Each structure stands twice: as structure tokens, then as C-alpha cells.
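*Asks:* I'd like to ask some things about the structure below.
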Ligand code: UDP
């Protein structure tokens, strides 16, 4: 079994070596795809936090996140949230649609945690009066600063219409995912989305891109409030991969 896994990994690595790398991020690599307009998204086992000051390789994380993200993207597609996922190519690789990434991290929150708790002195776990959407500029050098719509419009990172669309899609994703996770006893505290533009003739529209996984969401066991997400890594709580696996198991994808 181990030999088979090793052989599969080696052959995937060979395939990848032949493909041109388009972009390498902290937890993912994008390779050129088999056809124009497509890419291959590879989920790495690497994890980082605090602007990559803290790093680790978590064996098995890539497979689990790929599966969870696939499940979520398929679900979203089924309720009309268009996204870049096309199909699974291997346990850690997905065929995706190529998009022009909008340089924003879109965070949606239901419950206070993380940087929101810090910024406003809100106790972690305090429910918010309504879902909050925040925008951060995707720029590691600047530590992803929070930005206002005023900045987004002035610097033309996205048009006012795109921002309106992004808000509407984000709220729809929130509603859907609260239901999906809630049904398996998991509370969706907050999450981060990324969007990209696709052009069809003269018109361009935005679709959901990147990944949705315990690396990009805060997920708590609804009964015990146990953290089942990347905060286990950020805060040295242990059992990181075990907790991600628990999320996958409850969703029925592992
Ligand atoms: N998040 C992310 N990537 C980032 C920053 C945040 O996926 O670069 C996610 C994070 O996992 C959480 C949500 O966005 O689910 C809100 O994160 P927050 O602003 O509280 O920042 P953090 O506490 O992660 O620094």
C-alpha cells in the first residue's frame, strides 16, 4: 500500500515537473492546464501562519483540503454560485477554470474571532448582529491590509458593480455553508473567499476561485466549540490534520 502511494506520488510529481508552473503560493501550486483557459490546482501539505513566519508540513492536509474544497464548490455550483472548479484529477489536484484574480481577500463573519476580536475588543465567540463582510488587499509584503470600498474603487482593484456582485455572492455562500456545516454539527464562524474575472467576448463577470477549506474558514464543533480549523495550527492546539479529517468525515467525503 505504502509502495503504491509512493509510486502514485512519484508519477504525479513527474507530471507536474513537465507542466509549467504558473504560480506557487504558500499552500497551493497552479500549473498550466491541458487546454487554454484551464489550470491545475495542486494542494500542498505545507501550511503557514502569521505572514509565513510560522511554517510546517502537515502530512495528508493537501488531500483533505482538496476533498473538502471540491465538496463545497460542487455544492455551491448546485445552488447557482459559479466557481472555478471543473473536476478532480487526483487526490491533490483539480482541474480549474483560469481566472484573472481580483487582488482582494473577502472575509465574511458570523461570530467574533481572530482579527475582528482583536481590533474591536470583542470576546471570541460573541455572535455578530449580522453577517459582516470585510475586504483585505492581497499583498503579503504589506501584510494584507484591510481596505475600504473607497480604496478598491479609487485604485481600481474591482469595479463598483463587481463589488456589489462579490457582496451578494459572499452572502449567498455564507447562507449555504452555514446550512451545510450546521447540518453536521459544525458552526461556521468566519471564512475568506477569493474571486476572479472570466471574460466571455466583451463581457466580464466574477466567479468564486481559490479554495474553501479549514485553512480558510473558522469551523467550531457546535456542541463542544472545539476548533476544527487552522487556528489549531496558529495557536499550537495540536491534532491539526485529525481535526480537518473530522470535518471531511462529517461532510461524508472521507
Ligand atoms: N483568512 C485566510 N487567509 C488570510 C487571512 C484570513 O484564509 O490570509 C481566514 C481565516 O482563516 C479566518 C477568516 O479569514 O477564517 C478571518 O481571519 P481574520 O481576519 O480573523 O485573521 P486571522 O485571525 O486569521 O489573522
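The values are calculated or read from the model by the stated rules, or taken from the named source; none is laboratory data. Keep in mind it's a predicted model, so treat the numbers as computed, not measured. Every residue, glycine as well, gets a Cβ built from its backbone with ideal geometry; the counts of neighbours run over all protein chains shown.
One line per residue, one yes/no per condition, for (1) under 18 Å from the mean Cα position of the chain (by Cα); (2) buried (at least 17 other Cβ atoms within 10 Å of the Cβ); (3) at pLDDT 95 or above:
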position	(1), (2), (3)
181	yes, yes, yes
190	yes, yes, yes
197	yes, no, yes
200	no, no, no
213	yes, yes, yes
253	yes, no, yes
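*Asks:* Can you go through 82, 118, 41 and tell me which one is within 16 Å of the ligand (Cβ to nearest atom) and touching a strand residue (DSSP E or B) at 6+ places or on another chain (Cβ under 8 Å)? Walk me through it before giving the result.
*Replies:* Numbers: 82 fails: within 16 Å of the ligand (Cβ to nearest atom); 118 fails: touching a strand residue (DSSP E or B) at 6+ places or on another chain (Cβ under 8 Å).
Every option except 41 fails the conditions.
*Asks:* Just to check your reading of the model, which residue among 198, 189, 203 is without any contact (Cβ under 8 Å) to a residue 40 or more places away in the chain and either within 16 Å of the ligand (Cβ to nearest atom) or farther than 20 Å from residue 246 by Cα (or both)?
*Replies:* 203
*Asks:* Turning to a different aspect of this structure: Which of the residues spanning region 168-187 are assigned to a strand (DSSP E or B) and closer than 16 Å to residue 134 by Cα?
*Replies:* Start the filter on region 168-187 by keeping residues that are assigned to a strand (DSSP E or B), which leaves 186-187.
None - no residue of region 168-187 is assigned to a strand (DSSP E or B) and closer than 16 Å to residue 134 by Cα, so the list stays empty.
*Asks:* Also, I was wondering about something else. From the set of residues in region 138-157 that are within 11 Å of the ligand (Cβ to nearest atom) and not in a helix (DSSP H, G or I), which is surrounded by the fewest Cβ atoms within 10 Å (Cβ to Cβ)? Explain how you work it out, then say what you get.
*Replies:* Looking only at region 138-157, we keep the residues that are within 11 Å of the ligand (Cβ to nearest atom), and these are 138-140, 143-144, 146.
Right, trim to not in a helix (DSSP H, G or I) and you get 138-139, 143-144, 146.
Numbers: 138: 15, 139: 12, 143: 10, 144: 17, 146: 13.
Only one residue fits best here, namely 143.
*Asks:* A further question follows. Pairs only if they're at least six apart or on different chains, beta carbon under 9 angstrom, first in region 119-140 and more than 16 Å from residue 107 (Cβ to Cβ), second exposed (fewer than 14 other Cβ atoms within 10 Å of the Cβ) and modelled with pLDDT of 95 or more; list them, first residue then second.
*Replies:* From region 119-140, the pairs are 125/225.
*Asks:* Could I ask something else about it? Which number in (1) surrounded by fewer than 13 Cβ atoms within 10 Å (Cβ to Cβ); (2) within 12 Å of the ligand (Cβ to nearest atom); (3) free of Cβ contacts under 8 Å to residues at least 24 places away in the same chain marks the one condition that residue 168 misses?
*Replies:* Of (1) surrounded by fewer than 13 Cβ atoms within 10 Å (Cβ to Cβ); (2) within 12 Å of the ligand (Cβ to nearest atom); (3) free of Cβ contacts under 8 Å to residues at least 24 places away in the same chain, only one is false for residue 168: (2).
*Asks:* Still on this structure, I have one more. Please list, ordered by first then second residue, the pairs with beta carbon atoms under 6 Å, 6 or more apart or interchain, first in region 229-241 and at positive phi, second assigned to a helix (DSSP H, G or I).
*Replies:* Note: no pairs meet the criteria.
*Asks:* Under 24 Å from residue 187 (Cβ atoms) and either in contact (Cβ under 8 Å) with a residue 24 or more places away in the chain or assigned to a strand (DSSP E or B) (or both), is that true of residue 95? Spell out the reasoning first.
*Replies:* Details: under 24 Å from residue 187 (Cβ atoms): no; either in contact (Cβ under 8 Å) with a residue 24 or more places away in the chain or assigned to a strand (DSSP E or B) (or both): yes.
No: the conditions fail for residue 95.
*Asks:* Under the condition of being within 16 Å of the ligand (Cβ to nearest atom) and surrounded by 20 or more Cβ atoms within 10 Å (Cβ to Cβ), which residue from region 85-104 is nearest to residue 208 (Cα to Cα)?
*Replies:* Only one residue tops the list, namely 102.
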